[in-house]
Amino acid sequence: MGRWGTGAFDLDDKHHLLLVHHTLCSAQEVDDDELDVDLGVAAMDACEVVARLRGRTRRRDDTTRASEPSPALIQLATSVLDRLASQPAVLAQLAARDHHARASLQDLRRRIVG
């Protein structure tokens, strides 16, 4: 696979996709009291990668080539976003960093699902 994308989650091989998958699994599997803002932000970044793979980026200048992620990865990403949105403590912490956290989660989910 060739190199594409820009940013923290540039993908140039399957190893990076495993990192995305691992991050999403971590956010899905931890107990509620262990789900914190740092893991939430990492999970949102991983979900952004899934959206970019689907060719649904927020940035018009993004050069990411669309490469359809597996249905399982799409389901995992949407499940993680739903979990983040349903955790009041995590959502409050995310909102402290970004006043539009809830809208960002909804936008990200919309771009992943299609």
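The values are calculated or read from the model by the stated rules, or taken from the named source; none is laboratory data. Note that the structure is a prediction, hence the values are computed from the model and not measured. Cβ coordinates were reconstructed from backbone atoms using ideal geometry, including for glycine residues, and neighbour counts include every protein chain displayed.
Restricting to the stretch 33-49, name every residue that is free of Cβ contacts under 8 Å to residues at least 40 places away in the same chain and among the hydrophobic types (A, V, I, L, M, F, W, C). Lay out the reasoning, then the answer.
So in the stretch 33-49, the residues free of Cβ contacts under 8 Å to residues at least 40 places away in the same chain come out as 33-34, 38-39, 42, 45-46.
Once the filter is applied, which keeps residues that are free of Cβ contacts under 8 Å to residues at least 40 places away in the same chain and among the hydrophobic types (A, V, I, L, M, F, W, C), the stretch 33-49 yields LEU39, ALA42, ALA46.
Note down all Cβ pairs under 9 Å where the first residue falls in the stretch 90-113 and is within 22 Å of THR57 (Cβ to Cβ), the second is among the β-branched types (Val, Ile, Thr) and outside any helix (DSSP H, G or I), and they're at least six residues apart or on different chains.
Short answer, once both residue conditions are applied: ARG111/THR57.
ARG102 - would you say it is modelled with pLDDT of 90 or more and in contact with a Lys or Arg (Cβ under 6 Å, 6 or more places away or on another chain)? Outline the logic, then answer.
Numbers: modelled with pLDDT of 90 or more: yes; in contact with a Lys or Arg (Cβ under 6 Å, 6 or more places away or on another chain): no.
In short, no.
Just one of ALA46, ALA85, ALA92, ALA27 is surrounded by fewer than 13 Cβ atoms within 10 Å (Cβ to Cβ) and either part of a helix (DSSP H, G or I) or out of contact with any His (no Cβ under 9 Å at 6 or more places or on another chain) (or both); which is it? It would help to see each step written out before you state the result.
On the way: ALA46 fails: surrounded by fewer than 13 Cβ atoms within 10 Å (Cβ to Cβ); ALA85 fails: surrounded by fewer than 13 Cβ atoms within 10 Å (Cβ to Cβ); ALA27 fails: surrounded by fewer than 13 Cβ atoms within 10 Å (Cβ to Cβ).
Answer to the selection: ALA92.
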